[in-house]
Every structure is written in C-alpha cells, then in structure tokens.
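What follows is one structure encoded as structure tokens, with my remarks underneath.
The values are calculated or read from the model by the stated rules, or taken from the named source; none is laboratory data. A quick note: this is a predicted structure, and the numbers were derived from the prediction, not measured. Positions of Cβ are backbone-derived with ideal geometry, glycine not excepted, and every protein chain shown enters the neighbour counts.
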Amino acid sequence: MSFYQQIAQFSDYLHSIRKLEEYLSFDIVFSVKWGIPKSIVDEGQLIPFATGDENTKGFSFVSGINEKEINEIINKILKIIKLNKDREIKDRLFKETIEKLKNTFEKNDLEKLRKLYFDFEIEEKSLENEQNGELRENIELA
C-alpha cells in the first residue's frame, strides 16, 4: 500500500505531517470526547498540542523515519479512530434503544412487560475488552 493510501484512511483527522530531525510527527485532531487507550500508544510517542478549538484536541504521534515504525504508528492511529467511532455508534444505539424501551413501557400494561425478555450473544473478546477497560483507561492530556 502506498503512503498516500495509508494516510488517506485518516485524512479527516490529519492536521499535518512534520519531519523533526530523525522523526516523523503525524499531527492528528480528534473530538474532545474521544479517548486514547494507554494500551495502544506509549506516552513517549504522543505529544498534545493546542488546536484553537474547544471541541477538538490535538496529538502528535511520533515515530522514527523507517517503514516499520511508520506503519506501526499509522496502525495505532487507525485503531484509535476505529475504537472511538465504534464507541460513538454504541452510545447512539444505546440512547435509541433506551428511548424505544421507554416507549414500550409507556404503551404496554404490566402483565405484558413482565414477559419482556432480552437475550444477547456477546463475543468473548469484546466482553473481555470491556472488562479490561480498554476504553476506560485513556491517556489524560491537555
């Protein structure tokens, strides 16, 4: 995959790419609501920067200038984006489901509601990630 194809995957969040002596800095802007799990990025690879917008926060992801490290940092950025987008979708789905459930309780009598039953099959890995707090352990930076 070409370098263009790699960065095109997160171009909506890309602020700049800079060369700093022997390092590359990928300056990325995320929503202030997003988190960065400590399990994905070493704190030494991540430097916060001001975006000038109270709704966003900026992070410089730093890597050495070699194919392996650049690929690793790009994969980490993509993983952070995916985790946060998934969390946003889950939050939206949760709110929609709560609203539907409220309506169900308002419109049905008690006997019907007592027969209400939910059954979900949850993959072991996703349950394990939730239990390990993958998205709860965020790096807290300005």
Hey, any hits in the stretch 30-47 for a residue that's at positive phi and either of a type outside the set (A, V, I, L, M, F, W, C) or exposed (fewer than 12 other Cβ atoms within 10 Å of the Cβ) (or both)? no
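Residues are listed down the side, and each one gets a yes or a no for (1) under 30 Å from Phe120 (Cα atoms); (2) charged (D, E, K, R):
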| site | (1), (2) |
| --- | --- |
| Phe26 | no, no |
| Lys57 | no, yes |
| Val62 | no, no |
| Ile89 | yes, no |
| Glu99 | yes, yes |
If you go through the stretch 1-8 one residue at a time, do you hit one that is part of a strand (DSSP E or B) and either out of contact with any Leu (no Cβ under 9 Å at 6 or more places or on another chain) or at positive phi (or both)? no
What are the pairs with Cβ atoms under 8 angstrom where one residue, in the stretch 71-84, is within 17 Å of Tyr23 (Cα to Cα) and the other, located anywhere, is part of a helix (DSSP H, G or I) and of a type in the set (Val, Ile, Thr)? Sequence gap at least six, or different chains. Ile74/Ile7
Which one of these is closer than 27 Å to Asp91 by Cβ, charged (D, E, K, R) and either touching a residue at least 60 places away in the same chain (Cβ under 8 Å) or in contact with an Asp or Glu (Cβ under 7 Å, 6 or more places away or on another chain) (or both): Lys33, Lys38? Lys38
For the stretch 79-125, which positions are of a type outside the set (Phe, Trp, Tyr), assigned to a loop (DSSP other than H, G, I, E, B) and surrounded by fewer than 11 Cβ atoms within 10 Å (Cβ to Cβ)? Asp109, Lys115, Leu116, Asp119, Glu121, Ile122, Glu123
Go through the residues of the stretch 68-89 one by one and say whether even a single one is on the phi > 0 side of the Ramachandran plot and at pLDDT below 95. no
If you check Ser25, Ser16, which single one turns out to be farther than 17 Å from Leu83 by Cα, surrounded by 14 or more Cβ atoms within 10 Å (Cβ to Cβ) and more than 17 Å from the chain's Cα centre (by Cα)? Ser25
Can you pull out every residue in the stretch 63-78 that is loosely packed, with under 12 Cβ neighbours inside 10 Å and not in a helix (DSSP H, G or I)? Asn66
